[in-house]
Every structure is written in structure tokens, then in C-alpha cells.
Amino acid sequence: MSTALSVRLPDILAKELSNVASTMERPKSFLVQKALENYLHEQANLQIGLERLRDTSDPVISMDEMRKEIGL
């Protein structure tokens, strides 16, 4: 199932989207969907990273310690 969504884009962004869609021979909706999927994935990863950063039980090591640990 899919849901229709209407968005307003600045003219320059809409033109760029049209150009990329034309070059890739893909519908604009496909590109918007992929961009949104990537954005949401990155936001989820950012949230996980921030939660781990705030977790005082998760040890933090220096770059030098990490290099030694992995043998670099």
C-alpha cells in the first residue's frame, strides 16, 4: 500500500529534482522516496549514536587505543 503526499519545493530544488529524474530515467516520486528513506535512516543512526554517547556505561576509548586494539 502507498500513500500520496503533496509537498512544496523551492523552484530551484524542483528543477534540480526534474533534471536528476530525467538523467536517471526515474520518476521524481522514486527519487523523493529514496531520499526520504536515506534521510530517515541517517536520522535513526544519529539518534543511536547520540544515545550511545550519553550512555555512561558504554566505554569510550581514544583513537590510539582503538588503533592498538585492531592492530594498526
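General remarks:
- Distribution of pairwise C-alpha distances over the chain, 10 Å bins, in %: 15, 27, 22, 14, 21, 1
- Selection of GluC sites (Glu not before Pro), segment 1-59, meeting DSSP coil and at most 16 other Cβ within 10 Å: Glu25
- Over the chain: helical MRE at 222 nm, DSSP H runs n ≥ 4 each giving -39500 (n - 2.57), nearest 500: -22500 deg cm²/dmol
Rule-based calculations on the coordinates, nothing more; no lab input. None of the values given here were measured: they were computed from a predicted structure. Virtual Cβ from ideal backbone geometry, glycine too; neighbours counted across all protein chains shown.
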